[in-house]
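Single-structure report; data block below.
The values are calculated or read from the model by the stated rules, or taken from the named source; none is laboratory data. What you see is a predicted model, and the numbers here were worked out from it, not measured in a lab. We place every Cβ from the backbone using ideal geometry, glycine too, and count neighbours over all the protein chains shown. Only protein heavy atoms, including side chains, enter the accessible area calculation; ligands, DNA and RNA are left aside. Shrake-Rupley method; radii C 1.70, N 1.55, O 1.52, S 1.80 Å.
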Amino acid sequence: MNNLASFSAPKITVVGTGYLGATHAISMAVLGFDVLGFDVDHHKIAQLRTGKVPFFEPGLPEKLEEALASGRLHFTTNMDKVAGFGDVHFVCVGTPQSADSTAANLSYVDAAFSELAARITRKALLVGKSTVPIGTAARLTQMVQDISPLGPELELAWNPEFLREGFAVQDTLHPDRLVFGVASEWAEAMLRRTFLPLLDEGIPLIVADLATAELVKVAANSFLATKISFINAMAEVCECTSADVSLLAQALSLDSRIGGRFLKPGLGFGGGCLPKDIRAFKHRAEELGVGQAVRFLGEVDSINNRRRVRTVDLIRELAGGDLTGVRVAALGAAFKPNSDDVRDAPALDVARLLYMEGAVVTVYDPEANANAHRLYPDLNYVGSLAEAADQADVVALLTEWEEFRQADPNSLGARVRHRRILDGRHALDPDRYTSKGWEYRALGRPYQPAVRVRQNVEKPATQLPL
Ligand code: NAD
């Protein structure tokens, strides 16, 4: 696309300033654009205005400070101002699972686009970044052009987002790729101008139609979820043999066609994206009459959920067969380390299931205690690993924070009532624990891994975070 110089830098708005939108707004301002962020949540906007990121994301507070100091980033709760300000409007609102089905709830997306469309009075580009079912962008195009006084002058594009919580700054400023779903050359040119700083860095770009752009996102998440559930299905097989899924994963990961990322066995995936995205995709495929093509995603989901139940089984076994009154130190509540996001978090689900069986559960997460408490106020929450371990009958590592990986088995052992540990994330070296008298259990590993093969592998398989 030539002649980008003829486009001046667009003014940008970001509608919805949650995990995705706040990161996007801050990053675009850091890249040099004038940005106005908007949310219906007044508290969130008040926090952002005063330089406080409303959630835990490493590196983002510093970027917010930088962006606010530059004078290029502002926040508002006034939609009229948003409509008047922007040349390119990014919609980043939530698309959670519906209350009564596995479909995506598109009411927030519909509201955001229609509110914008009713107010915009000059040519502008509306860009969806939320994860949506295929066909949403085409439907919204019709909707906004019907509502807007501009009619077809108001254009819509889709720019799916692939950032990982915990690495959101890096992923936004240096993504693996950009995907533009567009319906006109003008929309493509506007997006190219908007992402010029990244394109100049050589970030690969795929320009596609709207439906393909929507599909890239859900297909990517489906692939990642499938890979995680694949190794967890192998863990289930290992559990009824003497095989060790940890060694299996290492061996598989050394096959360059397979690779080790997302092949780490454990408690499985969660969070505000993967679980609801695969369910919504399956639901949408069924509506489109191609349900058979992605029916396997139902299995992927089931395997993932069974890991939670199996984790509780192992903790019960460690406790001697009955969880009533057993004190469990639940290490972690967030769906993954370096995040405070507890949406569909496996760790918290396990804590809840243990509680329902009569265990006395004490939860410690370095960042997610407050969010977890809002969701499950009946569990005990403490502010340190040591407090969680006090007089515990079983320690359960459920989210692999570095603090838990680095814990000293001896000092931990001095606090507990029984040295029993469930490693729900294959994050610990079993020998470090068993040599200090701990009973160690992990999903998919033989109960007594005495004869673990010492291979000539310099580095164990690693899994980069979700
Ligand atoms: P979130 O819940 O953190 O944020 C959504 C925000 O939208 C909230 O602040 C909410 O108040 C706001 N909102 C709701 N209705 C609104 C409206 N009408 N106008 C303005 N604001 C409104 O959710 P999130 O994690 O940021 O996810 C947002 C979307 O991005 C989802 O579709 C998600 O699947 C997708 N996504 C998220 C991530 C991630 O890592 N969190 C990564 C890629 C894609």
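Restricting attention to region 202-261, the residues that are part of a loop (DSSP other than H, G, I, E, B) and free of Cβ contacts under 8 Å to residues at least 40 places away in the same chain total 11.
Within region 121-161, how many residues turn out to be of a type in the set (S, T, N, Q) and within 16 Å of the ligand (Cβ to nearest atom)? Going through region 121-161 one residue at a time, the tally reaches 4. Out of VAL88, VAL15, one residue alone is in contact with a Phe, Trp or Tyr (Cβ under 8 Å, 6 or more places away or on another chain), open to solvent by less than 10 Å² (accessible area, probe 1.4 Å) and in contact (Cβ under 8 Å) with a residue 60 or more places away in the chain. It is VAL15.
Kindly indicate whether LYS123 is open to solvent by 10 Å² or more (accessible area, probe 1.4 Å) and either of a type in the set (A, V, I, L, M, F, W, C) or within 22 Å of the chain's Cα centre (by Cα) (or both). Working first, answer last.
On the way: open to solvent by 10 Å² or more (accessible area, probe 1.4 Å): yes; either of a type in the set (A, V, I, L, M, F, W, C) or within 22 Å of the chain's Cα centre (by Cα) (or both): no.
Considered against the rule, which asks whether it is open to solvent by 10 Å² or more (accessible area, probe 1.4 Å) and either of a type in the set (A, V, I, L, M, F, W, C) or within 22 Å of the chain's Cα centre (by Cα) (or both), LYS123 comes out as no.
Of all residues in region 139-168, those that are closer than 25 Å to HIS24 by Cα and outside the structural domain of ASP341 (by TED's automatic domain parsing) have Cβ atoms under 9 Å from Cβ atoms of residues that are crowded, with 20+ Cβ neighbours inside 10 Å and modelled with pLDDT under 95, 6 or more apart or on another chain, in ARG164/LEU466; GLU165/LEU466; GLY166/LEU466.
Is it true that ARG306 is in the same structural domain as GLU439 (by TED's automatic domain parsing), part of a helix (DSSP H, G or I), buried (at least 22 other Cβ atoms within 10 Å of the Cβ) and at pLDDT 95 or above? Can you show your working first?
Details: in the same structural domain as GLU439 (by TED's automatic domain parsing): yes; part of a helix (DSSP H, G or I): yes; buried (at least 22 other Cβ atoms within 10 Å of the Cβ): no; at pLDDT 95 or above: yes.
For ARG306, the condition - in the same structural domain as GLU439 (by TED's automatic domain parsing), part of a helix (DSSP H, G or I), buried (at least 22 other Cβ atoms within 10 Å of the Cβ) and at pLDDT 95 or above - is not met.
Of all the criteria given as (1) over 24 Å from LEU443 (Cβ atoms); (2) open to solvent by 60 Å² or more (accessible area, probe 1.4 Å), the one not satisfied by ASN371 is (2).
Matching residues to (1) away from the ligand (no atom under 16 Å from the Cβ); (2) small (Gly, Ala, Ser):
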site: ALA189; (1), (2): yes, yes
site: ARG193; (1), (2): yes, no
site: VAL207; (1), (2): yes, no
site: VAL218; (1), (2): no, no
site: SER222; (1), (2): no, yes
site: ALA233; (1), (2): yes, yes
site: ALA243; (1), (2): yes, yes
site: LEU248; (1), (2): yes, no
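Can GLY94 be described as touching a Cys at 6+ places or on another chain (Cβ under 9 Å) and within 23 Å of LEU215 (Cβ to Cβ)? Answer is no for this residue.
In this entry, ALA112 is excluded by the filter for residues that are farther than 19 Å from THR13 by Cα, outside any strand (DSSP E or B) and either modelled with pLDDT of 95 or more or of a type in the set (Ser, Thr, Tyr) (or both). Does PRO197 meet the test of being farther than 30 Å from GLY260 by Cα, surrounded by fewer than 18 Cβ atoms within 10 Å (Cβ to Cβ) and not aliphatic (A, V, I, L, M)? Judged against the criteria, PRO197 is a match.
Contact annotation: residue pairs with Cβ atoms under 8 Å, 6 or more positions apart or on different chains, pairing a residue in region 176-194 that is open to solvent by less than 50 Å² (accessible area, probe 1.4 Å) with a partner that is in a helix (DSSP H, G or I) and among the β-branched types (Val, Ile, Thr), are VAL179/VAL216; GLY181/THR212. Suppose the filter is under 24 Å from THR95 (Cα atoms), touching a residue at least 60 places away in the same chain (Cβ under 8 Å) and out of contact with any Asp or Glu (no Cβ under 9 Å at 6 or more places or on another chain); does ARG343 pass it? Here the answer is yes, as ARG343 does meet what is asked. Of all residues in region 283-304, those that are of a type in the set (Gly, Ala, Ser) and over 12 Å from SER222 (Cβ atoms) total 3. Selection of helices (runs of 4 or more DSSP H) fully inside region 332-414 by the criterion of at least 3 residues being more than 20 Å from the chain's Cα centre (by Cα) and in the same structural domain as ARG279 (by TED's automatic domain parsing) returns 346-356, 385-389, 402-405. Restricting attention to region 206-252, and to residues there that are of a type in the set (Gly, Ala, Ser) and over 26 Å from VAL309 (Cβ atoms), which single residue is least open to solvent (accessible area, probe 1.4 Å)? So the residue we want is ALA213.
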